[in-house]
Every structure is written in C-alpha cells, then in structure tokens.
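Take a look at the structure set out below.
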Amino acid sequence: MSLALSCLAGVALDALLGEPQRAHPLVAFGRLADRLERHFNGPEARGWRSHGVTAWCLAVLPLTGLAWLLSLLPGIGWLVEIVLLYLALGLRSLGEHLLPVARALRLGDLPEARRRVGYIVSRDTSALDETGVARAATESALENGSDAVFATLFWFAIAGAPGVVLYRLSNTLDAMWGYRNDRFERFGWAAARIDDALNYLPARLVALTYALLGRTRQALRCWRVQAPSWDSPNAGPVMAAGAGALGVALGGPAIYHGALHVRPPLGEGEPPRAGDIERALDLVWAGVGVWLVVLLIGGWLHA
C-alpha cells in the first residue's frame, strides 16, 4: 500500500475508533518508563545525564526495532504500519478532550470547564476564569495538534512504522521526564533534547500550515516576532503562528506546579472564548486535510 493511502487509513481509523479504551500500548509504555526511571534515577543516582540516556535507549530502541521487524512481515507488514500509525495518532482524542471544555463554557459551568481542561494541561486550573480556561484549551489544541497529530504523520511519512514509534515514544518520555526540577533536570535532559530535535522540522511545517489556513500575514508576523521569546523552541512557532492565524491573544501568566510563570504574549486580537477552542480544532483538522492531500498528490506524481 502506498504511503499516502497508509496515512489516510491511519487517520480514518483514528477518526472512526478513537483511542483504544482498554490496554492502550502507550499506557503500558508509561508503566515501563516509570519502572526504568525509578531504577536509573533513584535519590543516590540523580545528577547523571548518562542514566537518562541509558533509560531512554532501553525504553525506545527495542520497541522501534520491533516495529521495523513487524513492518517487514510478508503480506501483513502494511497492516502493521497502519495499526501503529492509528495507535500513535491523537486527533479524535484531542476533540474528545477539548470539546467538552467549550461546551461547559457555553453553558456557564466554569467548575466543569476547569475540571475538563485540567485533564489535558499541566498548569493549575483551579482558579482560572472563563478566559483562562479558553486560553489553556486553545493553546492545548494548537500545541497538541502539532505533537500528537502532525509530527506523528511527519515521522510516519519519513520512516514508516519505526519512525512513528520512535517519535511517539520519544514524545511520551519528554512528557514524563522532561521537567526542569530537581528530580528530572539532568535525568530527563536526553528525553527533552531528543524530542526537541524530532519536533524541530515538523513544528515549523505546522506553523506554516496554520498560517496558510488563517490570517496568513498576521500569523507569519507573530511567528517571526513572538516565537523567539517562548521557552520552547518548537511550541513557540506553533502557538505564535496558530494564535496569529486565529486572531486571538494567547500566552501570558500561568501557574505550573505551584509557581507563577510569566509567559510572553502570543498572537493578536481578543482573548479566546469557547468558540475559539472549536476554531483551533477546526484549524488542526483542516491542516490534516491539507497534509493528506499533499501526500496523495506526491504519491500520484511519484507513481
């Protein structure tokens, strides 16, 4: 099966089925990562970057190799690739998490909106007002769309099953280990840097996609001016361009793990509302459609 059709099949499976409700492989991988972290990052071993590198290799490389071997199986290798892409994608789940936030805001149920958005962001949501909830959810749509959808498709297009497994597991380890605190500052260094490297090109393609599908000049200007001041080299371009494309103001102060972080502003326009969460999701879906069309045209021309 061609690359473009495999991508289309993986996206279709995700849209139809969503994430597996039982025994999701990433949940099992998370348990493995926890065990590796406890073994290699005990109190007596903290401060060793090499332990983080070793743990990352043990967590990611064997499973990546297994994905490669399975993709070579005669007759069913193509099916393995589609299933692995489906398991790595998070397009439908993004909407399943964020649309209830928008719905709660529309109904004026702020406690429910805070609770729902708290499932998908790492900031403290207990004291957020309606604008704060909408801002957190809109940022999550733009950034997680890049990580869980576009970058996943990118690495599948580049390297098939092993590429998508390598990327998705690396991204999961960054989410688990990539914190700047006493416990993970050095142990999680490798996970954070590898994820930055794997997301560098996809993030910029996503930023360009967002810009082309929205207020293009404004999005490109926000990307150029605002992204360099963001603390993440990849989230900055994605969210600055996305906010500019949507014409909303994102960024600003937020509380993470009990500490206030004064984040630079992103985008231009009014603060986001419930409808802007849905617009951000529409932007992600439209971008996926564009990428799939490009892949289909590319496959047709190559044939």
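Once you divide the Cα radius of gyration of segment 32-101 by 2.2 N^0.38 Å, the number left is 1.58. Converting phi to 3J(HN,Hα) with the Karplus coefficients 6.51, -1.76 and 1.60 and the offset θ = phi - 60°, segment 197-209 yields 5, 5, 9, 4, 6, x, 4, 6, 5, 5, 4, 5, 4 Hz in sequence order, with x at every glycine or proline. Normalised per residue, the accessible area of segment 19-103 is 56 Å², obtained with a 1.4 Å probe and no contribution from ligands, DNA or RNA. Counting Lys and Arg as +1 and Asp and Glu as -1 over every other residue whose Cβ lies under 13 Å from the Cβ of Leu153, the net charge comes to -2. Across segment 77-135, Cα pairs under 8 Å and at least six residues apart give a relative contact order of 26 percent. Here, segment 149-303 is characterised by an Rg to Rh ratio of 1.00, where Rg is the alpha-carbon radius of gyration and Rh the Kirkwood radius.
Normalised radius of gyration for the chain, please: alpha carbon Rg relative to 2.2 N^0.38 Å, two decimal places.
On the way: Rg = 19.3 Å, N = 303, 2.2 N^0.38 = 19.3 Å.
Scaled against compact globular proteins, the figure is 1.00.
For Tyr256 and Glu96, the difference between the fully extended length at 0.36 nm per residue and the C-alpha to C-alpha distance is 55.2 nm. Sorted on the mean count of surrounding Cβ atoms within 10 Å across their residues, most packed first, peptides 70-79, 265-274 read 265-274, 70-79.
For the peptides 159-165, 294-300, 145-151, the ranking by mean Cβ contacts within 10 Å, running from highest to lowest, is 145-151, 159-165, 294-300.
When the helices in the chain are scored as -39500 (n - 2.57) per DSSP H run of 4 or longer and the sum is shared across all residues, what 222 nm value do you end up with, to the nearest 500 deg cm²/dmol? All intermediate terms of the calculation are to be shown ahead of the outcome.
Details: 12 runs with 211 residues, N = 303.
Helix-only estimate at 222 nm: -23500 deg cm²/dmol.
Express the carbon and sulfur contribution to the solvent-accessible surface of segment 154-303 as a percent, rounded to the nearest whole number, probe 1.4 angstrom.
Numbers: 4440 of 7120 Å².
Taking all protein chains in place, segment 154-303 shows 62 percent carbon and sulfur surface.
Remark: relative contact order (segment 136-241) = 26 percent; criterion is Cα-Cα distance under 8 angstrom and separation of 6 or more residues. Do you know the relative contact order of the chain, to the nearest whole percent, from alpha carbon pairs under 8 angstrom that are 6+ apart? Reported as a whole number, the value is 21 percent.
The values are calculated or read from the model by the stated rules, or taken from the named source; none is laboratory data. Every value quoted in this text rests on a predicted model; they were computed, and no experiment measured them. Cβ coordinates were reconstructed from backbone atoms using ideal geometry, including for glycine residues, and neighbour counts include every protein chain displayed. Please note that ligands, DNA and RNA were not included when accessible areas were found on the heavy atoms of the full protein model with its side chains. Shrake-Rupley method; radii C 1.70, N 1.55, O 1.52, S 1.80 Å.
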